[in-house]
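Below is one structure, written out as structure tokens, with a few remarks after it.
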Amino acid sequence: MLKRLRENKSAQGTLLASPTMLWMIGLLIIPLLLTLVVSFGQRSPDGDVIYSFSLDNYIRLFGYSTDCDNGQASCFDPLYLQILWRSLTLAFNTTVFVILLAYPLAYFIARAHPLRRNTFLFLVLIPLWTNFVIRVYAWMMLLRTQGVINLMLGWLAGLFNIPFTPLEMLYTPGAVLVGMVYEFLPFMILPIYTSLEKIDNSLYEAAADLGANGLKTFARVTLPLSMPGVVAGTILVFIPVMGTFIVSDILGGRQVILVGNLIQRQFLDARDPTFGSAASLILMILTLIVTYFYTRKFGFGEEIVVA
Amino acid sequence: MTAEFAVELQDVVKRFITPEGNALNAVDHVTMQIKNGEFFSMLGSSGCGKTTSLRMIAGFEWPTEGEVYIEGKAMGHTPPFQRKVNTVFQSYALFQHLTVFQNIAFGLEMEGAQKDEIEKRVKHVLEMVQLTGMERRKPKQLSGGQQQRIAVARALVKVPDVLLLDEPLGALDLKLRKDMQLELKALQQQLGITFVYVTHDQEEAMTMSDRIAVMSKGKVQQMGTPVEIYERPANRFVADFIGDSNFFEGRIKSLSKNEAVVFIPDLKAEVTGIPVSQGLVTGEEITVSIRPEKVLISEKPMNQNTFRGRVTNTVYIGTDTHVYVDLMGKRVKVFEQNRISRLDPGSFYTVGQDVTLVMMPENVLVLKKE
Ligand SMILES: Nc1ncnc2c1ncn2[C@@H]1O[C@H](COP(=O)(O)OP(=O)(O)OP(=O)(O)O)[C@@H](O)[C@H]1O
Ligand SMILES: [Mg+2]
């Protein structure tokens, strides 16, 4: 038995890889298969899963409803498609704003005096030490009608005798965007910083030596060489933003429902795990498609692809 | 090319504040005049301020005191991209995200050159460094020697007035180094561009340079042709740093018009007829030096400038045999060229053998004390 194993290279390989394989099967493949199976099931009246092979959940997701107001057999309601689209655009916008904010910050930290860099990085990381939910609630305190921002604006308006009605900022798409950008900023700063920090100073000097001023050096040397960080950060931000529900739940209320909220409500409020599973899978597929095309264009963040 | 000097450093000081908070003159009142078309080297051991001097010419650092002139124009705080000099960096500093072609074209694009003009000039300079056909490679896909050539090509394509090179061959193996030395020298002669070359390898500096500035602790110790520096070192530091030397403490016993008699207490003997220049006085304490290959070993005693000693060690190093001779307690190095085969052990001096050393007065140098 042992002797045969010693001679069989492929069996050795399997054995050596098996802890990883077990991990993958246990934590990834089995849950995914379960979700897949459940998504084809049907909800029993008391909220249990009836296992069957029904495409109803998917049909419903794509907008065809069998439960119509006007008595027709079927009708089209793009509600869920709208939610998917909203999630996609929000994730896109969040990523863009995060890049715009994170890049200058990462650049500043990377070019700071080495002794000060660690302090700045520490400051970037501090928010991550507080609970995610608490940080979102903090934004609620800021954005509320009676919140800090409105109080300050009111006070300023009072100083100049301008009539002031508090702004309705909470429970708007803007509030969700602000919350998302804030939550995911560090995940963009760190990879960009890492790739900027790796750029040897002599490259900047070489560019200057060859006649490039600051702006040209940035466009031709700094930016391309830091793209791996931007790509890695984009993946780290885009994918979780597509799926989270806490930020939109707290800052968006009933106004801004994302796929994450939809899935969460199916499992907890509506008690329909079959529809929730279908939505989860569609979310995953959507994210995979976007990431696939993105990484095909820009690589995975470790290699720079120059067309 | 109107100015007399391609590069001039006038009384330049560069002071750094070290992390420990001390002020350090990395370059300390340096004055250098580098002629147009010259291959000029700065030679010195680590930390003597070579790189800092070069960086001040390139414009990456500004002098704390003094002024740098390029083609006769005071540079002041002119940024690097407005100076007509280009640098070959020690680490090459090639752009890893660009191809060889794009690397070399970079500087031309910054000048706003036309596309076909760029292509023509890149092609030409690639021919010059013998790397035609590598245009589409990334720097990572090249050997160290090839990367080095690309770095040279990238700088040369700009046709600078002055090319600055900071230990450009430091990362190459000895054989490749020697080849590249000759190639760079040939390139410089062919193009007639002024090269300012930084190295800590004296052989390299000797091989390539028209003139060398020997530096130590931020100061120029001596500036001159390789021959001058080797044959007439200005002080003990240079005599010691360039090649090998035997040193003896001595005193001027008497001076005639161009010759001196020096008494060497350690040897309880004097050396007569040493040719000396002006500026010495009788009775002055000086250092006497002689190169090991210029000490002759004689079997039979002679009268003048000869010293009896005993062989303490011999080391065979291929081209030479180093013979160490004890002279009244002072160890003297003698390099004997192996003009005959040493396979026969009888052709070696043996340890304990008594020999006579001859120091011809024209080979003996009198160095002033600092
Ligand atoms: N930015 C800086 N800040 C503080 N000290 C510096 C700085 N740059 C150089 N020095 C110091 O100045 C001195 C000269 O440095 P430089 O790099 O010119 O030496 P070098 O002759 O090129 O040596 P090497 O052969 O090792 O490259 C060194 O003592 C170095 O520590
Ligand atoms: Mg150096």
How large is log10 I(q)/I(0) at q = 0.12, 0.14 Å⁻¹ when the Debye formula is applied to the Cα atoms of chain A, each weighted equally and without solvent?
-> -1.02, -1.18
Taking max minus min of the Cα coordinates of the stretch B:1-59 on each principal axis, largest first, gives extents in Å of 44, 20, 17
Rounded to the nearest 500 deg cm²/dmol, what is the calculated helix-only ellipticity per residue at 222 nm for chain A, with -39500 (n - 2.57) per DSSP H run of length n ≥ 4?
-> -21500 deg cm²/dmol
Sorted from largest down, what three extents in whole angstroms do the Cα atoms of the protein assembly as shown have along their principal axes?
-> 133, 89, 52
Trypsin sites (Lys or Arg not before Pro) within the stretch B:271-370: DSSP coil, no more than 11 neighbouring Cβ in 10 Å | B:R339, B:K369
Compute the distribution of all C-alpha to C-alpha distances in the stretch B:56-198, in bins of 10 Å from 0, and list the percent of pairs in each, rounded to whole numbers.
-> 11, 41, 35, 12, 1
Please report, in whole Å, how far the alpha carbons of the stretch B:54-94 spread along each principal axis, starting with the longest.
-> 30, 20, 13
With each label point set 7 Å from Cα along the Cα-Cβ vector, what nm distance links A:E168 and B:T78?
-> 6.5 nm
Low-density loop cleavage sites - trypsin sites (Lys or Arg not before Pro) in the stretch A:212-294, where at most 10 other Cβ are within 10 Å (DSSP) | A:R254
Is the shape of the stretch A:59-140 best called rounded, prolate or oblate, per the rule: a/c under 1.5 gives rounded, else a/b larger than b/c gives prolate, else oblate, with a ≥ b ≥ c the square roots of the Cα gyration tensor eigenvalues?
-> prolate
Between helix B:174-191 and chain B: long-axis angle, C-alpha atoms, 0 to 90°, nearest 10 | 60 degrees
Cα convex hull volume per residue for chain B, in Å³, equals 188 Å³
How much mean residue ellipticity at 222 nm does chain B get from its helices, if each DSSP H run of length 4 or more adds -39500 (n - 2.57) and you divide by all residues, to the nearest 500 deg cm²/dmol?
-> -7000 deg cm²/dmol
Quarter of the surface of the C-alpha convex hull for the stretch B:244-368, i.e. direction-averaged projected area in nm², equals 7.8 nm²
Roughly how many whole Å is it from the C-alpha centroid of the stretch B:350-368 to that of the stretch B:282-311?
-> 3 Å
Which loop-located GluC sites (Glu not before Pro) does the stretch B:3-57 contain, where loop means any DSSP state but H, G, I, E or B and the Cβ has at most 11 other Cβ atoms within 10 Å?
-> B:E4, B:E20
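None of the figures in this text is laboratory data; all of them are computed from the coordinates on show. These figures come from a predicted structure and were not determined experimentally. Please note: Cβ atoms are built from the backbone with ideal geometry, for glycine as well, and neighbour counts cover all protein chains shown.
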